[in-house]
Amino acid sequence: MILEINEEFLDNLKELISSKNDKAISAFFSEVHFADIAEVLDELNFDEAIYIIKLLDSEKTAEILTELDEDTREKILENLSAREIADEIGEMDSDDAADIIGELSEERQRRVINALEDDDLAADIKELLSYDDNTAGALMAKELVKVYETWTVAGCMRRIRGQAKEVTRVHSIYVVDKEDKLVGRLSLKDLITSKSDQKIADILKPKVDAVNVHEDDEEVAKIMAKYDLEAIPVVDDNNVLVGRITIDDIVDVIRDEADKDYQMAAGFSQDVEANDTIWEITKARLPWLILALFGGFISVSVLGSFDSAMNNYPELFFFTPLIAAMAGNVGVQSSAIIVQGLANDSLKGSLFKRLLKEILQGLLNGFVLAALLMSAGMLFLGFGLNLGITVATSLISVIIIASIIGTFIPIILAKRGIDPALATGPFITTSNDILGILIYFSIAKLVLGF
């Protein structure tokens with residue numbers, strides 16, 4: 001059942017909560033998807049949200065907790081005992097359980113893990129928490145279906161039934177040797193069509209894509225996207241199979257990375273959300289605004305050094321914002337293309353070819369825009385030939401230089417291990433604004449001779 005969440009629905013729900021009509025609430029939410037329930041809880045106040053959480057069964061609320069807004073989930077977890085959290089965690093896959101427990105303080109983590117009745121799950125969570133953030137090890141789930149290459153088809157069928165009960169979705173069957181090292185994967189079709197006494201070693205597919213536990217999660221996302229995988233096995237340094245990563249976790253990684261890059265491009269120094277406090281949002285915005293202010297001071301200084309040009313040719317001033325804006329826009333366009341190419345590994349070819357391509361496209365764009373500007377200026381604004389040549393030449397030069405800078409700054413940042421998305425934000429805009437003004441007045445000085 002797809003839930004339509006509006007003011008009327010929320011008002012009716014709040015009336016049910018205030019009347020303590022537990023049966024009606026439980027019956028209604030039993031047919032609602034957990035993602036919709038999470039959205040409802042995000043819209044309620046804390047007391048109403050915690051009331052519903054404690055009313056529903058653990059199997060349902062375990063899924064709801066994974067979908068809740070982080071702030072809402074944090075408040076709910078703070079008001080649940082270690083035993084209550086352990087009951088919820090016990091219904092989750094190991095990767096989701098580790099994510100939830102990882103949000104708690106170290107003391108509460110210890111108490112919740114000790115309260116878990118499933119010792120295997122507790123051990124899995126401890127292992128997952130031991131890996132560095134943003135690695136395959138921290139992202140993987142321990143639940144999977146694995147078989148040994150020495151088993152027969154009949155024995156394999158019996159054993160995987162028990163394993164499959166612990167796995168939400170069986171994307172693949174992995175084959176290991178006696179030391180639990182990954183040696184291949186097993187097709188379900190081959191398994192059910194093979195003779196019962198046939199060895200798994202005879203029907204396995206030896207080619208299997210896998211990632212190391214220490215692999216960066218963004219690299220895992222690129223691999224799964226490239227090979228269109230729904231799941232990928234995770235191995236340790238000895239090629240021992242230790243877990244698997246599924247596509248739903250990778251979608252979260254891609255979404256989080258896209259959000260981070262978008263905010264960085266917009267001039268945020270840290271991750272923020274619309275519901276964050278004024279202080280948190282200010283801390284994220286202020287560093288880049290200070291950079292923009294500093295850049296503005298430099299621009300003013302550059303303009304001040306050409307005060308004689310302003311006195312002799314005041315019409316130059318009217319084109320200053322245009323030149324600066326074009327420099328910033330072209331730089332952002334170029335850097336955005338490069339950042340996208342770096343993100344999906346589609347950036348191919350040598351740096352020289354990339355440089356030549358940027359110069360040629362900068363020339364083409366520059367000539368078209370300069371011709372339009374010069375024609376409009378001479379027809380409607382009535383400025384002379386020398387001023388037209390100055391503005392047109394400046395525009396072409398600025399576009400070429402801004403294209404080159406917008407191309408190479410992300411590449412340089414990536415080579416130094418810095419997120420290249422930094423180059424699509426105020427950094428590249430401010431630097432190109434300053435450079436555009438400097439080029440504009442330098443060319444004006446040469447052409448007009450002041």
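The values are calculated or read from the model by the stated rules, or taken from the named source; none is laboratory data. Bear in mind that the values here come from a model prediction, so they are computed numbers and not experimental data. Neighbour counts are summed over all protein chains in view; Cβ atoms, including those assigned to glycine, are modelled from backbone coordinates with ideal geometry. Remember, those area values only see protein heavy atoms, side chains included, never the ligands or the DNA or RNA. Shrake-Rupley method; radii C 1.70, N 1.55, O 1.52, S 1.80 Å.
Here is how the numbers come out for the structure above:
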{"quantity": "Yes/no for Glu107 being acidic (Asp, Glu), free of Cβ contacts under 8 Å to residues at least 12 places away in the same chain and either out of contact with any strand residue (DSSP E or B) (no Cβ under 8 Å at 6 or more places or on another chain) or on the phi < 0 side of the Ramachandran plot (or both)", "calculated": "yes"}
{"quantity": "Hits in the range 242-290 (condition: open to solvent by less than 60 Å² (accessible area, probe 1.4 Å), modelled with pLDDT under 75 and of a type in the set (D, E, K, R))", "calculated": "Glu257, Asp261, Asp276"}
{"quantity": "In the range 161-178, residue farthest from Ala231 (Cα to Cα) [restricted to those that are assigned to a strand (DSSP E or B) and at pLDDT 90 or above]", "calculated": "Val176"}
{"quantity": "Filtered residues of the range 100-127 (kept if closer than 22 Å to Val213 by Cα and open to solvent by 80 Å² or more (accessible area, probe 1.4 Å))", "calculated": "Glu103, Asp120, Lys126"}
{"quantity": "Exclusive hit being over 25 Å from the mean Cα position of the chain (by Cα), open to solvent by 80 Å² or more (accessible area, probe 1.4 Å), in contact (Cβ under 8 Å) with a residue 40 or more places away in the chain and more than 22 Å from Ser105 (Cα to Cα), set Glu179, Glu149, Glu166", "calculated": "Glu179"}
{"quantity": "Check on Leu144, surrounded by 20 or more Cβ atoms within 10 Å (Cβ to Cβ) and over 20 Å from Asp209 (Cβ atoms)", "calculated": "no"}
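Results for (1) over 31 Å from the mean Cα position of the chain (by Cα); (2) modelled with pLDDT under 75; (3) within 15 Å of Ile401 (Cα to Cα), shown as yes or no for each residue.
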| residue | (1), (2), (3) |
| --- | --- |
| Ala292 | no, yes, no |
| Ile298 | yes, no, no |
| Thr320 | yes, no, no |
| Ala327 | no, no, yes |
| Ser346 | no, yes, no |
| Asn365 | yes, no, yes |
| Phe380 | yes, yes, no |
